[in-house]
Amino acid sequence: MPELNELPPRVFLVDDQPQVLKALARLLDADGFDAVTFDSAAAFLASTCPEAPGCLVLDLAMPGMDGMALQEALSARHCVLPLIFLTGHGDMASGVAAMKHGAFDFLSKPVDVQRLIAAVNAAFAHNAGARRRAGQRRHAAAKIAGLTPREREVMALIVEGQLNKQAAAVLGMSEKTVKVHRAHIMQKTGADSFAALVRLWDAAGAQVASGPTD
């Protein structure tokens with residue numbers, strides 16, 4: 001069975017109206033997209049699809065968990081799946097609110113086919129970039145996680161532009177010890193230059209956790 005990252009992108013459709021789901025799926029399938037349907041937000045959330053590549057097209061107003069609630073739940077999971085909301089003509093304010101909370105796009109019902117296709121294509125491109133960046137963050141975080149707590153402290157000072165002697169003064173160690181730690185850092189992370197080390201640290205971002213010194 002292929003990994004989620006290896007799956008082709010899909011359009012996940014969520015709407016409580018069976019006829020709407022069927023019509024949207026037919027339109028997307030006719031244009032070469034792989035559409036998967038769900039009759040409720042809860043059903044989609046319970047699937048593995050939130051972690052799959054593609055985009056989500058969903059109705060804003062649904063019984064039970066509505067579109068906004070699903071958006072909040074996916075955000076809590078750090079899901080990078082772009083959301084395209086479908087709204088009624090009288091629900092423009094809710095669509096704008098969804099955009100402010102990170103939705104990729106919102107379209108009014110009845111949906112214009114060409115606008116929907118364009119939005120899905122744009123969402124696919126956005127999702128591919130987001131998944132690539134997420135993969136880079138995980139890779140960088142794993143590299144840095146392999147360092148000892150003291151090495152992470154040294155690295156944090158190095159990437160800030162501190163000289164070895166400055167880092168030594170901050171950490172209460174000799175400059176020679178800082179140089180040893182620095183060499184270990186370069187070896188363990190595979191960074192071949194200061195610039196590469198900075199890029200690795202920046203790529204890891206908030207996923208880099210500090211711990212007690214050894």
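Rule-based calculations on the coordinates, nothing more; no lab input. From a predicted model like this one, the values you see are computed outputs, not experimental measurements. For neighbour counting, all protein chains shown are included, and Cβ atoms are generated from backbone atoms with ideal geometry for every residue, glycine included.
Per-structure values
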{"item": "For segment 146-207: Kirkwood Rh in Å [reciprocal of mean 1/r, alpha carbons]", "result": "11.5 Å"}
{"item": "DSSP bridge pairs, the chain: antiparallel proportion in percent, nearest 5", "result": "0 percent"}
{"item": "Debye, to nearest 20: dipole size of the chain, +1 on Lys, Arg Cβ, -1 on Asp, Glu Cβ", "result": "1080 debye"}
{"item": "Relative contact order, percent, the chain [alpha-carbon distance under 8 Å, six or more residues apart]", "result": "16 percent"}
{"item": "Set of lysines with alpha-carbon distance to LYS176 below 28 Å, sequence-local pairs under 8 removed", "result": "LYS143, LYS165, LYS188"}
{"item": "Among VAL113, GLN17, ILE84 the positive-end extreme of the charge dipole of the chain (Cβ point charges)", "result": "ILE84"}
{"item": "Of the DSSP H helices in the chain, those whose Cα atoms cover at least 20 Å axially and whose Kyte score averages -0.5 or more", "result": "113-145"}
{"item": "Cα principal axis extents for the chain, largest first, Å", "result": "72, 35, 28"}
{"item": "Segment ALA42-GLN166, length gained on full extension (0.36 nm per residue, minus Cα span)", "result": "39.2 nm"}
{"item": "Assigned charges on the beta-carbon of Lys, Arg, Asp, Glu; segment 146-207 dipole about Cα centre (debye)", "result": "180 debye"}
{"item": "Helix-only [θ]222 nm of the chain, DSSP H runs n ≥ 4, -39500 (n - 2.57) each, per residue, nearest 500", "result": "-17000 deg cm²/dmol"}
{"item": "GLU175/ARG132 FRET efficiency (R0 25 Å; Cβ-Cβ; nearest 0.05)", "result": "0.05"}
